[in-house]
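Participant: Dropping a structure here in structure tokens format, bear with me for questions.
The values are calculated or read from the model by the stated rules, or taken from the named source; none is laboratory data. As the structure is a computational prediction, the values presented were derived from the model and not from experiment. Backbone-built Cβ (ideal geometry, glycine too); neighbour counts: all protein chains shown. The area values use the complete protein model at the heavy-atom level, side chains included, leaving out ligands, DNA and RNA. Shrake-Rupley method; radii C 1.70, N 1.55, O 1.52, S 1.80 Å.
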Amino acid sequence: MTRLLILGGTREASDLARAVAEAGIDAVLSYAGRVARPATQPVPVRVGGFGGVPGLAAYLRAEGITRLIDATHPFAAQMSHNAVEATADAGIPLAALTRPAWTPQPGDRWHHVPDIAGAVDALTGPSRRVMLAVGRMHLDAFAAQPQHHYLLRLVDPPETPPPLPEQTVTVSRGPFTVADDTALMRGHDIEIVVAKNAGGAGARAKLDAARALGLEVIMIDRPALRQRRELGSVGDAMRWLGHAGADLGV
Ligand code: 3Y8
Ligand code: NAP
């Protein structure tokens, strides 16, 4: 009898939770607790860290988890690392539900950087109007380039004003649309967009808007992740769980 833990926080995790609920599979979806109101789910949800690898391994045993699907965001590298270690320790199968990285299309003006620090370095130079679409957790790093006018897109209103002298905050969570992102960038005279290579559909509108407006994009490449089984779709995940995809249309 399958008892599945889904590590969530992405569009794909929510799609998987729906398919799993429809198939009547016993599952729980886990959030880190990064935002005030995470999306509601059709399966039971738990919120908060597990307490590193030992905490996750203990959770897997205590909850009788028989399979783990890591459907976290490609930048949630620590969680994905812990999932590899803890499932090996607890002796249960692990698979990651992933989505391909975005690739530049004709007309894109992307400048690839390896990480947040690389994005900060790439902003060296005279004052520009910069949209930071990288969430809340790494804003402090951009204080090293205080000369710019920043448009910050956040999921929740910031408790404390981010340490950037010239900033405007827009509070909204994805998924975003090209029309809204184009209007947002035009409305703020944005010249440069900083983005993580999240992949997927939930956050790519800003790239299409930037291309349409001829803006430069500083694209932060994904962190390297440990070797693990990777599944490319909810259908593949359901088949891995031993539930034929046919009756779910996935
Ligand atoms: C808490 C809980 C779904 C999931 C939707 C996806 C799409 C919309 C687009 C921009 C980029 C960003 C950010 C973003 C997107 C999806 C997905 C995705 C990017 C929620 C959610 C949680 C989080 C955590 C949050 C981070 C932040 C990152 C904002 C839910 C809404 C920038 C990533 O304030 C904070 O602390 C926010 C933290 C981690 C990155 C950061 O460094 O700040 N996501 N996002 C999850 C948890 O607690 O475990 O699902 O409602 C989920 C989603 N956010 O079901 O449709 O699939 O990627 N999330 C990035 O891609 O760069 C916004 O603004 O253009
Ligand atoms: P991270 O840096 O890889 O993980 C740091 C710690 O947060 C983990 O060691 C774990 O704590 C806890 N954690 C992370 N994801 C968790 C989950 N789904 N359930 C329970 N605990 C979790 O993670 P992150 O980048 O902060 O991402 C946190 C969440 O936001 C994830 O669900 C991710 O899918 C989602 N998200 C992140 C981004 C992003 O840009 N990073 C974008 C969209 C969504 P313990 O060690 O105590 O277990």
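Participant: Is it the case, given these coordinates, that ALA76 is out of contact with any strand residue (DSSP E or B) (no Cβ under 6 Å at 6 or more places or on another chain) and within 30 Å of PRO54 (Cβ to Cβ)? Working first, answer last.
Facilitator: On the way: out of contact with any strand residue (DSSP E or B) (no Cβ under 6 Å at 6 or more places or on another chain): yes; within 30 Å of PRO54 (Cβ to Cβ): yes.
The answer is yes for ALA76.
Participant: For region 189-213, name all the residues that are away from ligand 2 (no atom under 16 Å from the Cβ) and either in a strand (DSSP E or B) or surrounded by fewer than 21 Cβ atoms within 10 Å (Cβ to Cβ) (or both).
Facilitator: Step one: list which residues in region 189-213 are away from ligand 2 (no atom under 16 Å from the Cβ), which gives 189-192, 208-213.
Hits for region 189-213 are ASP189, GLU191, ILE192, ASP208, ARG211, ALA212, LEU213.
Participant: Given the conditions (1) assigned to a strand (DSSP E or B); (2) closer than 18 Å to GLY135 by Cα, and given that MET79 satisfies all but one, which numbered condition is not satisfied?
Facilitator: Result: MET79 passes all but (1).
Participant: In addition: Would you check if there is a residue in region 84-101 being exposed (fewer than 15 other Cβ atoms within 10 Å of the Cβ) and closer than 20 Å to GLY174 by Cβ?
Facilitator: Start the filter on region 84-101 by keeping residues that are exposed (fewer than 15 other Cβ atoms within 10 Å of the Cβ), which leaves 88, 91, 93, 100-101.
Now drop any that are not closer than 20 Å to GLY174 by Cβ, which leaves 100-101.
The answer is yes; a qualifying residue exists.
Participant: Let me ask you something else. Considering only residues that are in a loop (DSSP other than H, G, I, E, B) and open to solvent by 60 Å² or more (accessible area, probe 1.4 Å), which ones fall in region 163-185?
Facilitator: PRO163, PRO165, GLU166, ARG173, PRO175, THR177
Participant: In this structure, is PRO158 modelled with pLDDT under 95, assigned to a loop (DSSP other than H, G, I, E, B) and more than 28 Å from VAL234 (Cβ to Cβ)? Let's see the steps before the verdict.
Facilitator: Values: modelled with pLDDT under 95: yes; assigned to a loop (DSSP other than H, G, I, E, B): yes; more than 28 Å from VAL234 (Cβ to Cβ): yes.
Here the answer is yes, as PRO158 does meet what is asked.
Participant: Sort out which residues of region 57-73 are within 14 Å of ligand 1 (Cβ to nearest atom) and out of contact with any Ser or Thr (no Cβ under 7 Å at 6 or more places or on another chain), and write them in order of number.
Facilitator: Initially, region 57-73 is screened for residues within 14 Å of ligand 1 (Cβ to nearest atom), giving 70-73.
Matches in region 57-73: none.
Participant: Return the pair list, or none, for Cβ contacts closer than 9 Å from residues in region 60-84 that are closer than 30 Å to ALA195 by Cα and among the β-branched types (Val, Ile, Thr) to residues that are open to solvent by 20 Å² or more (accessible area, probe 1.4 Å) and within 12 Å of ligand 1 (Cβ to nearest atom), at least 6 apart or on different chains.
Facilitator: These pairs meet every condition: THR72/GLY9; THR72/ALA32; THR72/MET79.
Participant: Considering only residues that are assigned to a strand (DSSP E or B), crowded, with 18+ Cβ neighbours inside 10 Å and more than 7 Å from ligand 2 (Cβ to nearest atom), which ones fall in region 5-50? Write out each step before concluding.
Facilitator: Taking region 5-50 first, the residues assigned to a strand (DSSP E or B) are 5-7, 26-31, 45-47.
Then drop every residue that is not crowded, with 18+ Cβ neighbours inside 10 Å, which leaves 5-7, 27-31.
Across region 5-50, the qualifying residues are LEU5, ILE6, ALA27, VAL28, LEU29.
Participant: So VAL53 clears everything in (1) more than 14 Å from ligand 1 (Cβ to nearest atom); (2) within 29 Å of ASN197 (Cα to Cα); (3) surrounded by fewer than 16 Cβ atoms within 10 Å (Cβ to Cβ) except one condition, right? Which one?
Facilitator: (3)
Participant: How do the pairs read when you match residues in region 202-229 that are among the acidic types (Asp, Glu) with residues anywhere that are modelled with pLDDT of 95 or more, using Cβ under 6 Å and keeping only pairs 6 or more apart or on different chains?
Facilitator: ASP208/VAL178; GLU216/ARG109; GLU216/ILE192; ASP221/HIS112; ASP221/PRO114; ASP221/ASN197
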